[in-house]
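Structure record follows, encoded as structure tokens.
The values are calculated or read from the model by the stated rules, or taken from the named source; none is laboratory data. Small disclaimer: the values here were computed from a predicted structure and weren't measured. Glycine also receives a Cβ, built like all others from the backbone with ideal geometry; neighbour counts cover every protein chain displayed. Remember, those area values only see protein heavy atoms, side chains included, never the ligands or the DNA or RNA. Shrake-Rupley method; radii C 1.70, N 1.55, O 1.52, S 1.80 Å.
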Amino acid sequence: MPVEKRKPLISGNWKMHHNHFEAIQCVQKLSYMVSKEDFESVDVSIHPPFTDIRSVQTVIESDDMRFILGAQNCHFEEMGAFTGEVSPAFLAKLSVGYVIVGHSERRELFGETDEVVAKKISAVFTAGMTPIVCVGETLEEREQGCTEDKVLSQVRAAVAKRSPEQVGSMVIAYEPIWAIGTGKTATAGDAQSVCSAIRREVIVSSGNDVGDKVRIQYGGSVKAGNAAEIMAQPDIDGALVGGASLDPEEFSRIIQYRLHN
Ligand code: PGA
């Protein structure tokens, strides 16, 4: 059993939404709606598009907000001839704390393999940030009963050959692909069962202490109305929220899930 309960991490993945003006407004509105007590109970990261990051950083720092800045992706090299790519070192310079790696949209639409994802995880750590590594099965894989095979093979690829310190500090986001942006959520019980299998896999690869430490998020149509039930599951330590994080009011209610039990 964990010695100390893992502090939950609620992450807002804005995807390709909100230009930098809208981003500033959204973060400001959100900051009025969350309290000091909220930040004592949960960590909150915000992952705007790259073009917004500098603006959001400025607002967070000048108003002393406790949101942690996040990114949605990065390249695995530090610099070089990679037209259109963004270096993890540049993100770290903007005080980015968390980088989403291997989101299913990146894997499915932009051909990211487990190998590329592993390189990105290493690059994020090298730059001093924390990866949020996404794993999840398609509807077809779920219907064929292959959920755990798929998810655990992605987890194995993400943790292979890493130090226990790295594995213990990473965040793994279980996001069933069929639940992303569809309004369908895995039942809390189903999500718990996959997240618990993920934790067991981490224990097998890296030991009990690391398994206790690693934070596992659930993502896929998380809303204010289902956040409390999802967050109550013992192996779910946070949520990766897409659509519902675009609306400050809805997102603030997710951050305050503990008040809406
Ligand atoms: P959703 O997206 O909350 O809109 O389903 C989640 C995600 O893709 O991270």
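At the residue level, THR147 shows approximately 20 square angstrom of accessible surface with a 1.4 angstrom probe and all protein chains present.
When the C-alpha to C-alpha distance is required to be over 26 Å, the pairs from LYS93/LYS150; LYS15/LYS119; LYS184/LYS213; LYS120/LYS161 that qualify are LYS93/LYS150; LYS184/LYS213.
In order along region 15-20, the phi-based Karplus estimate (6.51 cos²θ - 1.76 cosθ + 1.60, θ = phi - 60°) of 3J(HN,Hα) comes to 6, 8, 9, 6, 6, 5 Hz; Gly and Pro are listed as x.
Scalar couplings 3J(HN,Hα) for region 157-163, obtained by applying the Karplus form with A = 6.51, B = -1.76, C = 1.60 to θ = phi - 60°, are 5, 6, 9, 4, 6, 9, 5 Hz; x denotes Gly and Pro. Note on region 1-83: Cα convex hull, mean projected area over all directions, 7.7 nm².
In order along region 203-217, the Karplus-derived 3J(HN,Hα) couplings, from 6.51 cos²θ - 1.76 cosθ + 1.60 at θ = phi - 60°, round to 5, 4, 7, 10, x, 4, 4, 5, x, 5, 7, 4, 9, 10, 9 Hz, and Gly and Pro are given as x.
Using the 2.2 N^0.38 Å rule of thumb for compact globular proteins, work out how region 141-221 stacks up: its C-alpha Rg over that value, please.
That works out to 1.09 for region 141-221.
The residues of the chain expose, per residue, 46 Å² of accessible area to a 1.4 Å probe. Loop-located chymotrypsin sites (Phe, Trp or Tyr not before Pro) in region 83-126 (DSSP state not H, G, I, E or B) with no more than 10 neighbouring Cβ atoms inside 10 Å: PHE110.
Protein heavy-atom surface of region 1-151, 1.4 angstrom probe: 54% of the accessible area is carbon and sulfur, with nucleic acids and ligands not counted. Which percent of Cα pairs goes in each bin when the distances of the chain are cut into 5 angstrom slices starting at zero? With 5 Å bins starting at 0, P(r) equals 1, 6, 14, 19, 20, 18, 13, 7, 2, 0, 0. Take every Cα pair under 8 Å whose residues are at least 6 apart in sequence, average their separation, divide by the length of the chain, and the relative contact order is 21 percent.
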